[in-house]
Amino acid sequence: MTASLLQAVLDHARRAPEASCLLWQQTQWSYGDLGAAIASVAARLRQLQLQPGDRVALLLRNCPQYVALAYGVVAAGGAVVPLNAQERASVLARQIEHSGCRVLAGDPHHPEWPRLQVALAASDVRLLPVAITDDATSVEAFCDGVKTDAEYAAVDAHALGMLIYTSGTTGRPKAVMLSHDNLWANTQAIVRYLSLTASDRGVCVLPFHFSYGNSVLNTHLAAGASLLVEDNLAFPQVTLQRIADHGCTGFAGVPSTFTLLLGRTRLHDYDLKKLRYVTQAGGPMPKPITTRLREALPNAQLFVMYGQTEAAARITYLPPSMLEAKLGSVGIPVADTEVTIRDAGDAVVPVDQVGEICVRGPGVMLGYWQDAEATQQALRGGWLRTGDLGHMDGDGFIYIDGRAVEMIKVGAFRVSPQEVEEAIASLQGVQEVAVTSQPDEVLGQSIKAVIVQTAGASLDERAVKAHCRQYLATYKIPKAVEFAAALPRTASGKVQRFKLA
Amino acid sequence: MSTALHDQVRNFILENYLFTNDPSALALDDSLLGRGIVDSTGMLEIIYFIEEQLGVKVADQDMIPDNLDSVNRIAKYVQSKR
């Protein structure tokens, strides 16, 4: 069998079945437990006649069952489509249809589940409800007597392993295709620079359906480490106490995670001395937050990193020893990966000159699902065009300078302005709408919508937000809504979003 | 039992996260996180609301789901601190 994430987990389950794997609320799953749960999922999917290459959608918040399902789908020969648990039923149904999923496995208590059931009633998508209640989290309850011989077909390294929906629009969803090898190679590179071992215990507060959360999960499992599974930071003090109680050695966050963590919390009230690494990705972090984080956690090494879903997860990392010398840099490429800075004509630009960040390496995606045009634009001559602007210094360290394409980042989540515009435009009384970003203290950016109403319409801010809430994930709802007589346009009629801010 | 305090808390959440004034959109015991009504930053805003509008300082150790994850819980917590 080829080396793969699944193989690594099954090896740990065989060699160290008692070793701690996933900690969630009051429950702990060992590697042996996870192995049994994976086998049970694979058996259930075979009962549903899952064929090799079939897609299976997952709709769950972070929990051990998510992990069993994600790895179980692969064990059954399928590909995982982790859905964003914050999205609404209309978007989720469209993504399930677009990716041609055979099965939807999800939490029947998810707020969108009933509406999603209705939306999928006429389709042939099979539903696999997985209850996530506190009393049903034991492996025995999860497996529910389903036993299997645990013989799996070899994973084809180049086959589709995961489809991750990213910032498309409802009309044109955009899903990144990652092969088993993309995920495995990127995972190995991260395990290496973080020096993860079986004695580590990480914390994941980032959603598993998000490529950063997915990589935190995969790297810890590949290393045979354990992972404290959390699914939000609404109560930072509770999370910090759990990190202290479980003696966690690593923590992964995006800038807003650290802003929330440091905002109202005194980190020195908690025993965090076992934390040896903290990783930060998902956009630039304000320097005062970086400084406070380092003061609060003097024993932990801070790894600043950069990546995107299209490159499995990680593209560069800044070795902690270089943090001072190269402050503001996102570092150097991860193992076996090359980065070049190019102009619009694909030529590599000189040192220190800004261009588009381009990536080549084993983590770079297969392309976008059923979208040859978008794939061709993103993958040119073997290089991934990230859409991020940056430059490289004389020592080969990379710096991010902005976005080449219009994209809003709320927290670390990408939001396409077109998607929000599409949702608002469907509201009666909206003649036209343009969406842009505005600075936000916690999230870096938040969304602002400027609306021109049809004659006689009398929309207000609340009506617009209420409408958005029906169709958009909460973080995509504009924080600010303004009304204008006209939108700023170029001579050719194109809306100038930058003039709206 | 619904009091003026319950109404004040519910109205804040209706107005800012559900964008409606229809009280039936939010039951007093609904989990704000479980129903996806607020996220991590929303919870922080609710804490500011409690401090600035309801006049109760929320201590670090009080920031737990039992005190904050529904209208009833928030009202009960605020009453206990007044």
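The values are calculated or read from the model by the stated rules, or taken from the named source; none is laboratory data. Worth saying up front: this structure is predicted, and the values here are computed from it rather than measured. FYI the Cβ positions are ideal-geometry reconstructions off the backbone, even for glycines, and counts take in every protein chain you see.
Observations, loosely collected:
- The set of residues from the range A:14-47 being over 17 Å from A:VAL73 (Cβ atoms), out of contact with any strand residue (DSSP E or B) (no Cβ under 7 Å at 6 or more places or on another chain) and free of Cβ contacts under 8 Å to residues at least 40 places away in the same chain comprises A:ARG14, A:ARG15, A:GLY32.
- Of the residues making up the range A:258-289, those that are out of contact with any Pro (no Cβ under 9 Å at 6 or more places or on another chain) and of a type in the set (Val, Ile, Thr) number 2.
- Qualifying positions in the range A:376-390 - crowded, with 16+ Cβ neighbours inside 10 Å and part of a helix (DSSP H, G or I): A:ALA378
- Looking only at the range A:438-474, and only at residues there that are basic (Lys, Arg) and in contact with a strand residue (DSSP E or B) (Cβ under 7 Å, 6 or more places away or on another chain), the one that is farthest from the other protein chains (Cβ to nearest Cβ): A:LYS448
- Residue within the range A:66-88 that is crowded, with 23+ Cβ neighbours inside 10 Å, within 22 Å of A:ASP156 (Cβ to Cβ) and of a type in the set (Ser, Thr, Tyr) present: yes
- Close contacts from the range A:78-90, counting a first residue that is within 11 Å of chain B (Cβ to nearest Cβ) and in contact (Cβ under 8 Å) with a residue 60 or more places away in the chain and a second that is buried (at least 23 other Cβ atoms within 10 Å of the Cβ) and aromatic (Phe, Trp, Tyr), with Cβ to Cβ under 7 Å and a gap of 6+ residues or different chains, come to none at all.
- Those helices (runs of 4 or more DSSP H) lying entirely in the range B:30-82 with at least 1 residues of a type in the set (Phe, Trp, Tyr), in contact (Cβ under 8 Å) with a residue 60 or more places away in the chain and more than 13 Å from chain A (Cβ to nearest Cβ): none
- The set of residues from the range A:103-123 being crowded, with 17+ Cβ neighbours inside 10 Å, aliphatic (A, V, I, L, M) and in a helix (DSSP H, G or I) comprises A:LEU116, A:ALA119.
- Residue match in the range A:124-144 (condition: surrounded by fewer than 22 Cβ atoms within 10 Å (Cβ to Cβ), among the acidic types (Asp, Glu) and closer than 26 Å to A:ALA425 by Cα): no
- Boolean, A:ARG489 is more than 14 Å from chain B (Cβ to nearest Cβ), among the charged types (D, E, K, R) and touching a residue at least 24 places away in the same chain (Cβ under 8 Å): no
- Members of the range A:124-141 found to be in a loop (DSSP other than H, G, I, E, B) and of a type in the set (Asp, Glu), listed by number: A:ASP124
- Some residue of the range A:249-260 being within 30 Å of B:SER70 (Cβ to Cβ), assigned by TED's automatic domain parsing to the domain that holds A:TYR165, aliphatic (A, V, I, L, M) and surrounded by fewer than 18 Cβ atoms within 10 Å (Cβ to Cβ): no
- Residues that are at pLDDT 95 or above and among the aliphatic types (A, V, I, L, M) number at least 2 in the following strands (runs of 3 or more DSSP E) confined to the range A:1-102: A:20-24, A:55-59, A:79-82.
- Residues (in contact (Cβ under 8 Å) with a residue 24 or more places away in the chain and either away from every other protein chain (no Cβ under 14 Å) or exposed (fewer than 13 other Cβ atoms within 10 Å of the Cβ) (or both)) located in the range B:1-26: B:SER2, B:THR3, B:LEU5, B:HIS6, B:GLN8, B:VAL9, B:ARG10
- Residues located in the range B:26-42, provided they are modelled with pLDDT under 95, under 15 Å from B:SER70 (Cβ atoms) and in contact with a Leu (Cβ under 7 Å, 6 or more places away or on another chain): B:ILE37, B:VAL38
- So A:VAL359, is it crowded, with 21+ Cβ neighbours inside 10 Å and either of a type outside the set (S, T, N, Q) or not in a strand (DSSP E or B) (or both): yes
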